[in-house]
Amino acid sequence: MLLYIGTKKGEQVPQTQPKIAIVGGGIAGSTAARFLAKAGAKVTLFEKAASLVSGPPFCHLHAGGNLYPEISDEQCLTLLKQSIDFARLYPHGVDHRPTIVALPAYCNRSTQHLMPRLEKLRARYAALVADNAENQVLGDPSIYFKCYEREAIEALKNETVKEKPQTLDEWMIPFAQKADLDKLQFPVILVQEYGLNLFRIGARLMLELKKDPNITLHLSTDVKKVQRDTDGWSVQTDTKTETFDYLVNAAGYQTGKIDDMVGVPCERMVEFKAAYVTQWEAESAYLWPEIIFQGERGTPRGMGQFTPYPQGHVQLHGMTKDITLYEDGLVASTPLSCQPQLPQNLVEKIEADWTWRETKERTQKAIKHLSRFIPSFALAKTASKPLFGAQQIPGSDPTLRVAEVAFPIPRYARCEIVKVSSTIDMAYAILENLVSLGLMEEATTVEMDDMSTSIEAEAITKEAERLCRMREYPEAMAHLCVP
């Protein structure tokens, strides 16, 4: 089959359509499939689960990395640009509600320590918008963040909660009325970091990849063997063996298994995490911002993350070993294998299921963790099993938040994203590698505007609801807080 790719206006050059295998249909593999198919490649995607984007949960657009005070300014600025690109690519999955960043009174840092970084982020965001108006996806750059001293928050207590907040002050009203201000430092910061809905993003990718004639989608398919051939790769599943020109390893926390099959060295870590799904019926009619209570990771005072969904549902993280983190949940590769070995009890959670007893125990601990700062949240209840999974971290630094892709041998890409927003830079890097190998025409490119979808929002919602039912989560989580 010949593919004609334009090199100059009016000029056409014939090129053989490259065949690309992608192992893993998480956000990395699915996004890569979209980009490479749009560029003209013939893509076959192998996914072990029955649907796409079913790996570790994500819920937050880390536009500046304000959840991570320990990372460098450079990583934060990279996350900002990547998050803007991600929001442009997946607009149907972005929940346009801001995020409160609050430091507990006992924290050994102060809010003032965050200000220089926030000013850098605001300036960079303004520059990106000045360069391209399409980058204005995080609100007005002049109000990328706003600081609230205690007096300003106290003044909001007497305001009426708005059904559809329009201003930053209106978003702050529920927090002003419910938070225990005596336990916080001031100022409290409201920043335009938005939510991400993994069910809606997964739904859009399910619909798009099934529709694309350049993509063959194999769900519920486990790759048993990968072998390097003279000019490419053979990929074996339970049913057949196929040959390809190029291999993309996007297997997530199991990336090391493919590396072992291929025979390339690596160094990586894998960390198991869980987020807990609750329902706070007393607040089911109101819109809340997301709230981050910063803390020291891995201690009883670890960060608490309050992520609202419709109908009073709230997803919780507590960065302690009793809640989101697990004892022995962070493991590393060895000289004998690229695949870090999680304890068997954590593997069983990923591959089988949770017991209801542990679900309730850990969820109640998460509720208690957040109700330290929002006392009435103690009345919230367990709504479903947790969102969970194992996250890969390339190298040996567990604080790393920006990574994209590596090319350890020819015709092989290893996806190494830590945050979902890195997937676009990853996809572009793979495309550039294909061009450098002569598998794609030198002029081949994919513009962000070319990636817009023709799929209606209603179809995405219905598919997202189906994914929620299939995975046993509340259907409300298929919807945005801010439609």
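How tilted is helix 115-131 with respect to the longest principal axis of the chain? Cα atoms for both, answer in degrees (0 to 90, nearest 10).
50 degrees
Place a label point 7 angstrom from the Cα of N345 along the Cα-to-Cβ direction, then list the residues of the stretch 275-316 whose backbone nitrogen is under 18 Å away.
The answer is 275, whose backbone nitrogens lie closer than 18 Å to the label point.
Under 14 Å between alpha carbons, and skipping anything fewer than 8 positions from K365 in its own chain: which aspartates and glutamates qualify?
Hits, sequence-local ones excluded: D322.
Which FRET efficiency, nearest 0.05, do T241 and A50 yield, Cβ-Cβ r, R0 25 Å?
0.65
Hey, any idea what Rg/Rh is for the stretch 359-406, computing Rh the Kirkwood way over Cα pairs?
1.19
State the Kirkwood hydrodynamic radius of the stretch 52-175 in Å, one decimal place, computed from all pairs of distinct Cα atoms.
One over the average 1/r among Cα pairs gives 16.2 Å for the stretch 52-175.
Could you list I20, I189, I460, I455 in order of exposure, starting from the residue whose Cβ has the fewest other Cβ atoms within 10 Å?
I455, I189, I460, I20
Given a cut-off of 30 Å, name the pairs among K38/K349; K224/K419; K38/K240; K210/K257 whose C-alpha atoms lie farther apart than that in the structure shown.
In this structure, K38/K349 lie more than 30 Å apart at Cα.
Using the 10 angstrom Cβ neighbour count as an exposure proxy, how do D222, D85 rank, fewest first?
D222, D85
Roughly how many whole Å is it from the C-alpha centroid of the stretch 298-326 to that of the stretch 452-481?
Distance between centres, Cα-based: 23 Å.
Hey, can you grab everything whose amide H is under 5 Å from the amide H of E193? Only 5+ residues off in sequence or another chain; H modelled, so Pro and N-termini drop out.
T99
Using 7 Å Cα-to-Cβ label points, what is the K365/E281 separation (nm, one decimal)?
For the pair K365/E281, the computed spacing is 2.7 nm.
Per 0.36 nm of contour for each residue apart, how much would the distance between T399 and S376 grow if the chain were fully extended, relative to their Cα-Cα spacing?
Full-extension gain reported as 5.0 nm.
If r is the Cβ-Cβ distance from R469 to T445 and R0 is 60 Å, what FRET efficiency results, to the nearest 0.05?
Working from the Cβ atoms, E equals 0.95.
Between the helical axis of 198-211 and the dominant principal axis of the chain, each derived from Cα atoms, what acute angle in degrees is found, rounded to the nearest 10?
Long axis of 198-211 versus the principal axis of the chain: about 20 degrees.
With both partners inside the chain, how many of the DSSP beta bridges are antiparallel, as a percent to the nearest 5?
Within the chain, antiparallel bridges account for around 75 percent of the total.
Counting pairs of alpha carbon atoms under 8 Å apart in space and at least six apart in sequence, what relative contact order in percent does the stretch 60-195 give?
39 percent
For the stretch 268-394, what does the convex hull of the Cα positions come to per residue, in cubic angstrom?
Taking the convex hull of the Cα positions in the stretch 268-394, it is 109 Å³ per residue.
At R0 = 22 Å, how high is the FRET efficiency between E149 and E170 if r is their beta carbon distance? Nearest 0.05 is fine.
Here the calculated transfer efficiency is 0.80.
Arrange V435, V23 by Cβ neighbour counts within 10 Å, fewest through most, would you?
Final ranking by Cβ density, sparse to dense: V435, V23.
Could you grab the relative contact order for the chain? Cα pairs under 8 Å, six or more apart, rounded to a whole percent.
Relative contact order here is 22 percent.
Hey, can you grab everything whose amide H is under 5 Å from the amide H of V405? Only 5+ residues off in sequence or another chain; H modelled, so Pro and N-termini drop out.
Long-range HN contacts for V405: E416.
Can you run phi through the Karplus equation (6.51, -1.76, 1.60; θ = phi - 60°) for the stretch 404-415 and list ³J(HN,Hα) in whole Hz, with x for Gly and Pro?
So the J values, rounded to whole Hz, are 10, 7, 10, 10, x, 9, x, 6, 9, 10, 10, 6.
Values in this text are rule-based calculations from the coordinates and carry no lab data. A quick note: this is a predicted structure, and the numbers were derived from the prediction, not measured. Neighbour counts run over all protein chains shown; Cβ positions are idealised from the backbone, glycine included.
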